[in-house]
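Below is one structure; the comments refer to it alone.
The values are calculated or read from the model by the stated rules, or taken from the named source; none is laboratory data. Quick caveat, the model's predicted, so the values are computed rather than measured. Cβ coordinates were reconstructed from backbone atoms using ideal geometry, including for glycine residues, and neighbour counts include every protein chain displayed. Accessible surface is based on the protein model in full, side chains and every heavy atom, while ligands, DNA and RNA are left aside. Shrake-Rupley method; radii C 1.70, N 1.55, O 1.52, S 1.80 Å.
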Amino acid sequence: MNNSAKLRIAIQKSGRLSEDSLQMIKECGISFKNGIGALKAEATNFPMEFLLLRDDDIPGYVADGVADIGIVGENVLAEKQRDVVVAHKLGFSKCRLSIAIPKSEPYEGVHQLDGKRIATSYPKILETFLRNNNVQAEIHEISGSVEIAPGIGLADAICDIVSSGSTLFTNGLKEVQPIFQSEAVLISRPDMAGEQRALLDKLLFRIRSVQAARNNKYILLNAPESKIEVIKSLIPGMKSPSILPLAEPGWVSMHSVINENDFWEVIEKLQAEGAQGILVVPIEKMIL
Ligand code: PRT
Ligand code: ZN
C-alpha cells in the first residue's frame, strides 16, 4: 500500500460527542500522539489524522474534502444538508428533536401549530416537518437557549433537542411532538475510492467488531448431560456452543455468546433448565 494514503477524521473538539467518539477510536486500537488538546493530532499506529472541530462544521469539512470522514449527530447532518454519506451508525449520543409548548397549554395535534411562532436552531428539519404536515407556522431561528423563547415572549413553541426532558421541564415546557430521531454517525465523502476506501473499510470492520462485543457477553455454565440439547437451543452462540466434560460424571461445561438484550430472559430459562455455576464475562472484541 502507498505510504501516503491516510484518513483524515473530523471529530468534535469538546462537547457531547467528543468522549464517546474518542472512546470508539481507542477501542478500535487507534492511539494518537500529542494528546487531543490541539486542533490536529496524528495517530501513531494507523494512517489517520484527527481534526478537532465544532460539530456544526463537520459535515461541511467532509463535503469539501478537508476531512475524509467525520463523526456527527444525525440532527446536525440533516440540518446542514451537505453532500456526504452515512458510512455507519455509531449508537451513541441518542436524542430527538421535538416540538415543545408551555406546560399549561393543551395539545390537540400538529394543526394547533398553524399560525404560531416556533423558535429553533434547526430551521431546515423543522421546515420539512411542517411542510410534510401541511402546517403554516413562522420559524424563528435562534442559535442557543431556545428553551427560554416562550418565557420571554419570543415564540409560542420551540423545536429543540431533547434527551431526558429535564431542560424542558425546568423551563415550564412539555414535549408534544417528536419530529426527528438522532444518533452519532460516521460520515464520509460520497466518492471515496482506492486506498482511502480500503482504509475506511478497515476502520468500519474494527467499529463493527467493537459494537458486536459491546452487545454480546461470553457465558459459561455447568449443566447435566441430559439438558445439553435444550440449553444449546437457548444459547446457540456464533456457530454452536462449546461443550466440555466436567470431572464429575454426567455433567458438562457449556460456553457460548449471548446478546445483551436477551440477557436476563435467557439466564432465567437456563436456571429453570438446571444450569449451575453460570458465569457471564464481557467480550473485548468480536470478529464477525
Ligand atoms: O461546540 P459545538 O458546536 O461543537 O457543540 P454543541 O454545543 O453544538 O453540541 P453539543 O456538544 O451540546 O451536542 C452535540 C450533539 O450531541 C448534538 O448535535 C446531538 O446530536 C447530541 N445530543 C445528545 C445532544 C443531547 N443529547 C442534548 N441533550 N445535544 C444537545 N442536548 C441539549 C439540548 O440542546 C438541550 O439544551 O441538552 C438539552 C436537553 O437535554 P435534556 O436531557 O434536559 O432533555
Ligand atoms: Zn454545535
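Quick look at the numbers
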| item | result |
| --- | --- |
| Selected residue (criterion: nearest to the chain's Cα centre (by Cα)) from residues of the stretch 163-189 that are within 19 Å of D55 (Cα to Cα) and surrounded by fewer than 19 Cβ atoms within 10 Å (Cβ to Cβ) | E183 |
| From F32, F50, residue being in contact with a helix residue (DSSP H, G or I) (Cβ under 9 Å, 6 or more places away or on another chain) and in contact (Cβ under 8 Å) with a residue 24 or more places away in the chain | F50 |
| Only listed residue being surrounded by 13 or more Cβ atoms within 10 Å (Cβ to Cβ), farther than 30 Å from K89 by Cα and out of contact with any His (no Cβ under 9 Å at 6 or more places or on another chain), chosen from K217, K269 | K269 |
| Segments classed as strands (runs of 3 or more DSSP E), wholly inside the stretch 177-288, with at least 1 members that are closer than 30 Å to E79 by Cβ and touching a residue at least 60 places away in the same chain (Cβ under 8 Å) | 184-188 |
| Condition met for S226 (open to solvent by 80 Å² or more (accessible area, probe 1.4 Å) and either on the phi < 0 side of the Ramachandran plot or under 31 Å from the mean Cα position of the chain (by Cα) (or both)) | yes |
| Set I69, I25, I58, I30: member being among the β-branched types (V, I, T), open to solvent by less than 10 Å² (accessible area, probe 1.4 Å) and within 16 Å of ligand 1 (Cβ to nearest atom) | I58 |
| Filter pass, S104 being among the small types (G, A, S) and within 24 Å of K202 (Cβ to Cβ) | no |
| Top-ranked residue of the stretch 229-240 - restricted to ones that are exposed (fewer than 14 other Cβ atoms within 10 Å of the Cβ) and not acidic (D, E), ranked as nearest to K94 (Cα to Cα) | M238 |
| Subset of the stretch 191-247 (residues that are under 21 Å from N259 (Cα atoms) and in contact with a Cys (Cβ under 7 Å, 6 or more places away or on another chain)) | R206, I207, V210 |
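Per-residue answers, yes or no, for (1) touching a Cys at 6+ places or on another chain (Cβ under 7 Å); (2) of a type in the set (D, E, K, R); (3) at pLDDT below 95; (4) not assigned by TED's automatic domain parsing to the domain that holds G73:
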| position | (1), (2), (3), (4) |
| --- | --- |
| A119 | no, no, no, yes |
| L126 | yes, no, no, yes |
| N132 | no, no, no, yes |
| E141 | no, yes, no, yes |
| A155 | no, no, no, yes |
| C159 | no, no, no, yes |
| T167 | no, no, no, yes |
